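This report refers to the structure that appears directly beneath it.
The values are calculated or read from the model by the stated rules, or taken from the named source; none is laboratory data. Everything quoted here is computed from the prediction, not taken from an experiment. As a convention, Cβ positions derive from the backbone with ideal geometry for all residues, glycine included, and neighbour counts pool all protein chains shown.
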Amino acid sequence: MSSRKKSRNQWYRMDLHLHTPASADYQEPNTTYIDILRKAEFRGIDIIAFTDHNSVAGYAHMMRDIDQLTYLEGLGRAQPEELKRLVEYRRLLEKILVLPGFEFTATFGFHILGIFAPTTPVRLTEHLLLSLNVPPHVLDEGNSEVGASADVLTAYETINEAGGICIAAHVNSSHGVAMRGFDFGGQTKIAYTQDQYLHALEVTDLGRQDRNSTERFFNGTKSGYDRRMRCIQGSDAHRLNALPNADKAKNANLGVGDRVTEVLLPERTFEALLEMFQGTDFSRTRPYSPSRQPLDYIQAAREEGASLVQSFHDNMTKMGGRLYSIIADVCAFANTNGGTVYIGLTSDPKRPPSGIENPQEGIDTLHQEISRMISPRLDVEVDMQETQGKPIIRVQVPSGSDRPYAIEDNKIYVRDEADTTLAVRDEIVNLVRQGQGMKPPVEAAAPEPPPVPVDPPRPKAKRFAPIVAEPSPVAPVATQDIPPPTGGVEIIGEEQRGDERYYTMRDLRNGNIVQNVTRSSARRLWHYAIKQHEGNMPRPDKMTWHGDSGMWQRYVKNGETRYDLVQRVDGQMRVYYGVTDSGMHGAWQVFLVPEETEQKQD
């Protein structure tokens, strides 16, 4: 365990996506490299990268110019204008760290940034591009069209093995690996955005807090996207100054420094930058805008509220079990997707933080208690942060590699959306298999859910009656093209034993199948699903249909909108209970209610 001393670090502004006249589509070909550096200086940028299309020619040209001027200076043959240019280069490079890089066009046109240390030989980066099947002539042309190049995952690994920073470029727009606007993706999209060699996602909507923001989608709460991804922004500038009609959202006609990220580093070096990108402290990057106050990372977390990957505690006293609740959250995060525990404030963003009176004492206590109570050993990072002038404690918990983790050897907790709960038997089995490097046998644990027939209505008094649906007024959509939502739960089996009815649940958030669930033993969402199944079956006149997908009802729970959804499958019906906004992907998004019109429902 370790604790970072925040006082050693400093915020630097960076723009890691700049083109130069070496890119074929650069809009101002007469721009000089000193012009670009001066514009970066004027915009207050500390770190930049030249990332021309499938080429390092821009960075190479600048370095050759500097080397030639230095050579002439050494011979005493430099002309006054040449000496003046060399002095200006030196002045600017003292203020700005300039990194070599490229924007590689992978198979199917996806764009990937590779950024390297200033000491990296140009020959090496050119060799990397050739190994990724970039034609030799493109190295000089700076063309974004390269033909049959290497695939995305190969590019990630190649850049990483060469010691570079690997960033998926403008992922939420054209040529982005998030594949926005595509009707397909699935496992490919997951692989392209979750790969171990990918350091960050460059997005064009950084700082947006609404449910459709790219950063929120990749925050670790989405089923299948368990790895939280660092999101940054860059200008993708193809000119010095933005055109008057430049559209930041569409990534068009921006200038140097029009989209900047601030990064917290101990020093302004490539090595410090790489270390930050390889870490999991997501508070060390934030969007920068000269027109507003710097982002308060803690307050932004409170705006999102408690979730699968973060929790809040007002204090950490042993009295009342508050310290134990914190340790339970740590255990649960380690057994789930990892996460962050904030101590010294509640999740209510309108309530002032109470703070921690003696942060260092609290940090020491947490180190000791986590080490003593949780087994096997779990390395977490505990440090002090500040929000609204109050010191608070932050505990960063990794997704554990030696599961299951337990408190006092026998209490195994997992995270269930915003709640920490004791794991049930089937979840413990899955955790053991994960700890052994085995994939949980999700589909083998139970048969595919027995769909409920679409029959004429039965008497309302009959329990466990099948769901009834009206014919869809909309042309059917091919069911096989619409996977279930990635949130909520589905009841896939039930059995009566004596006076008790036992259910088999499929948790759509993680794919786990849990058997032997009763109404009295069920967790909150499971309990809700069972209650609805037993006494409040969907009514045909209450359904809204879009092809074979339908919404039965929408309600608000703890300030969060949830949806009960239905789906026709080969003349049968499946029901998905309590799906959150984050689970409404693809065709299901048609049922999302606009945020500004959300109303609490009974």
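Values for this structure:
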read-out	value
Unique residue being buried (at least 17 other Cβ atoms within 10 Å of the Cβ), more than 26 Å from the chain's Cα centre (by Cα) and either more than 30 Å from Asn219 (Cα to Cα) or of a type outside the set (Val, Ile, Thr) (or both) when the list is Ala587, Ala522	Ala522
Of residues in the range 1-26 being surrounded by fewer than 19 Cβ atoms within 10 Å (Cβ to Cβ) and in contact with a Pro (Cβ under 7 Å, 6 or more places away or on another chain), the one modelled with the lowest pLDDT	Arg8
Residue, surrounded by the fewest Cβ atoms within 10 Å (Cβ to Cβ), within the range 133-174, restricted to residues that are within 23 Å of the chain's Cα centre (by Cα) and among the β-branched types (Val, Ile, Thr)	Thr154
Residues that are assigned to a loop (DSSP other than H, G, I, E, B) and buried (at least 18 other Cβ atoms within 10 Å of the Cβ), drawn from the range 536-552	Met537, Pro538, Met543, Gly547, Asp548
So Thr261, is it touching a Ser or Thr at 6+ places or on another chain (Cβ under 7 Å) and within 21 Å of Val171 (Cα to Cα)	yes
Unmet criterion (only one of (1) modelled with pLDDT under 90; (2) closer than 21 Å to Ala418 by Cα) for Ile530	(1)
Condition check for Asp247: at pLDDT below 90 and charged (D, E, K, R)	yes
Test result for Pro29, touching a Pro at 6+ places or on another chain (Cβ under 6 Å) and either of a type outside the set (Gly, Ala, Ser) or closer than 22 Å to Leu254 by Cα (or both)	yes
Top-ranked residue in the range 80-104 [being touching a Leu at 6+ places or on another chain (Cβ under 9 Å) and β-branched (Val, Ile, Thr); ranked as farthest from Ile159 (Cα to Cα)]	Ile96
Residue in the range 424-433 that is closer than 27 Å to Arg562 by Cα, in a loop (DSSP other than H, G, I, E, B), at pLDDT 85 or above and under 29 Å from the mean Cα position of the chain (by Cα) present	yes
Residue, surrounded by the fewest Cβ atoms within 10 Å (Cβ to Cβ), within the range 113-132, restricted to residues that are without any contact (Cβ under 8 Å) to a residue 60 or more places away in the chain, under 15 Å from Gly163 (Cα atoms) and hydrophobic (A, V, I, L, M, F, W, C)	Leu124
Members of the range 250-277 found to be at pLDDT 95 or above and part of a strand (DSSP E or B), listed by number	Val260, Thr261, Glu262, Val263, Leu264, Leu265
Answer residue from the range 77-112, given it is small (Gly, Ala, Ser) and surrounded by fewer than 21 Cβ atoms within 10 Å (Cβ to Cβ) and is farthest from the chain's Cα centre (by Cα) among those	Ala78
Residue within the range 509-523 that is within 23 Å of Arg433 (Cα to Cα), in contact with a Pro (Cβ under 7 Å, 6 or more places away or on another chain) and not assigned by TED's automatic domain parsing to the domain that holds Glu417 present	yes
Selection count, the range 321-361, where residues are of a type in the set (A, V, I, L, M, F, W, C), under 25 Å from Glu427 (Cα atoms) and not in a helix (DSSP H, G or I)	1
Residue identified as crowded, with 17+ Cβ neighbours inside 10 Å, closer than 24 Å to Val138 by Cα and of a type outside the set (A, V, I, L, M, F, W, C) among Asn30, Asn54	Asn54
The one condition in (1) outside any helix (DSSP H, G or I); (2) within 23 Å of Arg8 (Cβ to Cβ); (3) of a type outside the set (Ser, Thr, Tyr); (4) more than 24 Å from the chain's Cα centre (by Cα) that Glu386 fails to fulfil	(4)
Selection status of Tyr59, touching a Cys at 6+ places or on another chain (Cβ under 6 Å), in the same structural domain as Thr32 (by TED's automatic domain parsing), touching a residue at least 24 places away in the same chain (Cβ under 8 Å) and buried (at least 22 other Cβ atoms within 10 Å of the Cβ)	no
Checking Ala529 against (1) surrounded by fewer than 20 Cβ atoms within 10 Å (Cβ to Cβ); (2) within 35 Å of the chain's Cα centre (by Cα); (3) not in a loop (DSSP other than H, G, I, E, B), the condition it does not meet	(1)
Count of the range 281-305 residues which are touching a Gly at 6+ places or on another chain (Cβ under 6 Å) and surrounded by fewer than 19 Cβ atoms within 10 Å (Cβ to Cβ)	0
Filter result (of a type in the set (S, T, N, Q) and in a strand (DSSP E or B)) within the range 389-399	Gln396
Which numbered condition Lys318 fails, given (1) under 18 Å from Ile412 (Cβ atoms); (2) touching a helix residue (DSSP H, G or I) at 6+ places or on another chain (Cβ under 8 Å); (3) of a type outside the set (Asp, Glu); (4) at pLDDT below 95	(1)
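A quick yes/no check of all residues on (1) surrounded by fewer than 20 Cβ atoms within 10 Å (Cβ to Cβ); (2) farther than 18 Å from Asp281 by Cα; (3) not hydroxyl-bearing (Ser, Thr, Tyr):
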{"residue": "Leu323", "(1), (2), (3)": "no, yes, yes"}
{"residue": "Val330", "(1), (2), (3)": "no, no, yes"}
{"residue": "Thr340", "(1), (2), (3)": "no, no, no"}
{"residue": "Asp348", "(1), (2), (3)": "yes, yes, yes"}
{"residue": "Gly355", "(1), (2), (3)": "yes, yes, yes"}
{"residue": "Ile363", "(1), (2), (3)": "no, no, yes"}
